[in-house]
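The values are calculated or read from the model by the stated rules, or taken from the named source; none is laboratory data. Being a predicted model, the structure only gives us computed values, none of them experimental. Note that we place each Cβ from the backbone using ideal geometry, even for glycine, and neighbour counts take in every protein chain shown.
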Protein chains: 2
Amino acid sequence: MAGESNASLLNDHKEKHFTAGEIVRDIIIGVSDGLTVPFALAAGLSGANATSAVIVTAGVAEIAAGAISMGLGGYLAAKSEADHYMRELKREQDEIIAVPDTEAAEVAEILSEYGIQPHEYSPVVNALRKNPQAWLDFMMKFELGLEKPDPKRAMQSAMTIAIAYIVGGIVPLFPYMLISNADRAVIASVIVTLIALLIFGYGKGHFTGSKPFWSALQTTFIGAIASAAAFAMAKLVQG
Amino acid sequence: MAGESNASLLNDHKEKHFTAGEIVRDIIIGVSDGLTVPFALAAGLSGANATSAVIVTAGVAEIAAGAISMGLGGYLAAKSEADHYMRELKREQDEIIAVPDTEAAEVAEILSEYGIQPHEYSPVVNALRKNPQAWLDFMMKFELGLEKPDPKRAMQSAMTIAIAYIVGGIVPLFPYMLISNADRAVIASVIVTLIALLIFGYGKGHFTGSKPFWSALQTTFIGAIASAAAFAMAKLVQG
C-alpha cells in the first residue's frame, strides 16, 4: 500500500539521519575526553618536573587505557541495551498474546494522558488489537520508549569513540615526543591543544546546534580547568 | 478528572523511577572508567620502571583530569540537551499555531505507521487539535521522542559521575601510596582492583538486568585488556 512504502522510506531516511547523528555524537565524546585528559595529565606531570620521556610514557599508556575503557565499555553497554530491548520485546509479545485486555487498557491509558476520550481512542485500540505486529511496535515505542537497536551500531560506536579518543589524545602529546625539555614542550602542548580545543568546540557547537562560539569557549574552559586541577594535584603529591 | 490525577501520579512515579535509574547509570559510568584507566596507567608505568612516587603523581593527576572532563563534560552535554529540548518545544509550539493542518497531518502519519486507518485515527487527531497543550506534549514525545529534562539533573549527573570516577580511581592507586616499591605495589594494585572490578561488575549486572556473573567477568576483562595495552605501550615508548 502506498502508505506502507512511504512509511518505510521515511523510516530509512530517519535511520540514516539517526546513524549519522550518532557517529558525530561518538566522535564528540571521544575527542572531548581525548583532548582534555591526556593534555591535563601531561601538563600536570610537567609541573611536577617529570621529563618529556616520562610524560610521553604516561600519556601513551593513558591514551591506550582510555581508548579501550571507553571503546570496549561503550560496546558492552550498547550490547547490554540491545539485550534489554530483546527481553522487553519478548515480554510485550507474551503479554499481547496472554493478557490482551490488559495491554489494550495500557494503550487506552497512554492515549488518555493526552486528554483523548474513550470514544475517541477506541477505534485506535481496536485497530491495534487486530494487528499484533503493529501493536507490538506501538507498545515498544509508546509504552516503553525503546527503539530497536541496530546490531552494527555497538561495534561502530565502540570503534568511533576509541579512535576519536586516540586522535584527540595524540594532539597534546606529540610536542613532548618532539621536544625533550618538558618545560618547553608543555608550552607547545598548551598552544597546540588550546587551538585544537577551540576548533573542536566550535565544530561541536555547529553540529549540536548550540552557539559555536560559546561552545568553543566552554570546551577550552574544561581543558583549562582539568589541567589546572591535574597540575595542582601533581604539585600536591610531589610536595 | 480522575484520569488526569492518575496520569500525574503515574508521571511522578515514572520520574522518580527514572531519576534513581539515572543516578545508578551515572555511578556505573564513573566507576567503570575510574577503576579501569588509573589502574591501567599505573600498571603500565610500573612496567616502564617508574617509581611509586611518579605513579601516584601521574595517577592523581589523571583522576583529577578525568573526573573534571567527565563531570563538566557531562554537565555541559546535559545543559545542551535541555537547550535543544526548549528550542524544539518552541518550534513545535509555533508550528501548532501557524500551520495546524501540517501538524495534524504529522499526527496522522505517526498513527498510520501502525496500520491505523484514517477513519480510526481522525477522532484522536481532532481531540488533540482541540487541546493545544496535550497536542504539544504528544508531538514532543511521539514525533520527536524528546523527554522534558529535569533542570536539576545536569548538576546531579555531573557530580555523580565525577565523584564515582574519583572513588573508582583511588582504589587501584592507594597501594602505590602505601608501598614505595612499584614492583610490589603493582601486585597489590592488581589484586585490589581485580576484586573491585569483579564486585562492581557483578553489581552492575544486577542493576542493569544482565547476568551478574557474566557482567563481572566482562568488566574485569576490560580492566585486564586496558592494563595490558597500557603496559605494552609504556614498554614500547621506554624502548
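Summary of values
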item: Search result, residues across the stretch A:65-87 that are touching a residue at least 24 places away in the same chain (Cβ under 8 Å), buried (at least 24 other Cβ atoms within 10 Å of the Cβ) and aliphatic (A, V, I, L, M); result: A:ALA67, A:ILE68, A:MET70
item: Members of the stretch B:137-158 found to be surrounded by 18 or more Cβ atoms within 10 Å (Cβ to Cβ) and within 29 Å of A:ASN131 (Cα to Cα), listed by number; result: B:ASP137, B:PHE138, B:MET139, B:MET140, B:LYS141
item: Some residue of the stretch B:74-87 being over 25 Å from A:VAL31 (Cβ atoms) and out of contact with any Ser or Thr (no Cβ under 8 Å at 6 or more places or on another chain); result: yes
item: Some residue of the stretch A:157-174 being closer than 30 Å to B:ASN126 by Cβ and not aromatic (Phe, Trp, Tyr); result: no
item: Residue among A:GLY205, A:GLY201, A:GLY209 that is of a type outside the set (Phe, Trp, Tyr), surrounded by 20 or more Cβ atoms within 10 Å (Cβ to Cβ) and either at pLDDT 95 or above or over 25 Å from A:PHE231 (Cα atoms) (or both); result: A:GLY205
item: Which listed residue, of A:ALA154, A:ALA162, A:ALA182, A:ALA196, is in contact with a Phe, Trp or Tyr (Cβ under 6 Å, 6 or more places away or on another chain) and touching a residue at least 60 places away in the same chain (Cβ under 8 Å); result: A:ALA154
item: So A:ILE161, is it facing chain B (nearest Cβ under 9 Å), crowded, with 20+ Cβ neighbours inside 10 Å and at pLDDT below 95; result: no
item: Evaluation of B:LEU35 against (1) crowded, with 24+ Cβ neighbours inside 10 Å; (2) farther than 18 Å from B:SER157 by Cα; (3) without any contact (Cβ under 8 Å) to a residue 60 or more places away in the chain; (4) not basic (Lys, Arg) (one fails), failing number; result: (3)
item: Scope the stretch B:199-239; condition touching a residue at least 60 places away in the same chain (Cβ under 8 Å) and farther than 24 Å from A:ALA162 by Cβ; matching residues; result: B:PHE207
